[in-house]
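**Student:** What follows is a structure written as structure tokens; I'll ask about it next.
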Amino acid sequence: MRERPETGSGHRIRAALLAYLPPLLLFLLVGAFWEWIVHARNIPRFLLPAPSVIALRIVTDWQNLLSNAGATLLAASSGFLIGTAAAVISGIVFVYSRTVERAFFPWAIIVKTVPILAIAPLLTIWLGFGIAPKIAVAAIACFFPTLVNVTRGLRSLERSVIDFMTIIHASKADVIRHARLYAALPYLFSAMKITVGMSVIGAIVAEFTGANQGIGTIIVNAGYRQDAVMLFSAIIVTSMATIALFYIVVLVERRALFWPGADIDQ
């Protein structure tokens, strides 16, 4: 008796299970072990709260956590987009002007090497306690890795393509729009999948130095009160939000890299 060929929907379900079931099972196993060890060792709540206690706190204070997470994600997303756009523009300029690259690239390295914790207080002093310093820190956190990847991607265009564009008298703008940007897209998305998390970290660090709203303020206040349950709740909510941003980037990447062999991560 012949086996029925697997349908398209059945194949997708099976692929989704193979992709997401192992990490989900591991997550549940870690949570169960965590719950067991807390109760077995009678660990005080202020040292290590059980997952069930943290989950209850998230459910109880979901409005507070959600509103503050939204403020942090707004700043992080804005900084992520600004930092990425600035890096792409800078990369294009560097490709066509080695002089500009030699002049400004060391400054980009300096900005990268200065700790965010040192930059954030200054930006808070200069820009105030609103959303502006959080956006600025998030943009700075994203800028350098994206700049390096995009510049490399723009220069990865094959010589034969450049020669062809020269033969047809294409302008520099046409070469950028129709060739170099496509060559750089896989490198850009590789950087974005890293920097999207860095933007959230940058926004939270900026909130540590002074903010009226955000996950960073919850973490600071909970730390002062030694409220470990709220600390873990804020960390979990932030992690879930960051994972969601990561998969948004992955989804956009799948739509943007539509030609065969475009994904350099495969």
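The values are calculated or read from the model by the stated rules, or taken from the named source; none is laboratory data. On a predicted model such as this, the values are computed, not experimentally measured, just so you know. Glycine gets a Cβ as well: all are built from the backbone with ideal geometry, and neighbour counts include every protein chain shown.
**Student:** Within the stretch 184-221, count every residue that is among the small types (Gly, Ala, Ser), out of contact with any Gly (no Cβ under 6 Å at 6 or more places or on another chain) and assigned to a helix (DSSP H, G or I).
**Tutor:** The initial filter retains those residues of the stretch 184-221 that are among the small types (Gly, Ala, Ser), namely 184, 190-191, 197, 199, 202-203, 206, 210-211, 214, 216.
Within this subset, residues satisfying the condition of being out of contact with any Gly (no Cβ under 6 Å at 6 or more places or on another chain) are 190-191, 197, 202-203, 206, 210-211, 214, 216.
Cutting the leftovers down to assigned to a helix (DSSP H, G or I) gives us 190-191, 197, 202-203, 206, 216.
Residues flagged as among the small types (Gly, Ala, Ser), out of contact with any Gly (no Cβ under 6 Å at 6 or more places or on another chain) and assigned to a helix (DSSP H, G or I) within the stretch 184-221 amount to 7.
**Student:** Continuing with this model, one more query. For the stretch 14-38, what are the residues that are surrounded by 11 or more Cβ atoms within 10 Å (Cβ to Cβ) and either in the same structural domain as Tyr224 (by TED's automatic domain parsing) or not aliphatic (A, V, I, L, M) (or both)?
**Tutor:** Scanning the stretch 14-38 gives Arg14, Gly31, Phe33, Trp34, Glu35, Trp36.
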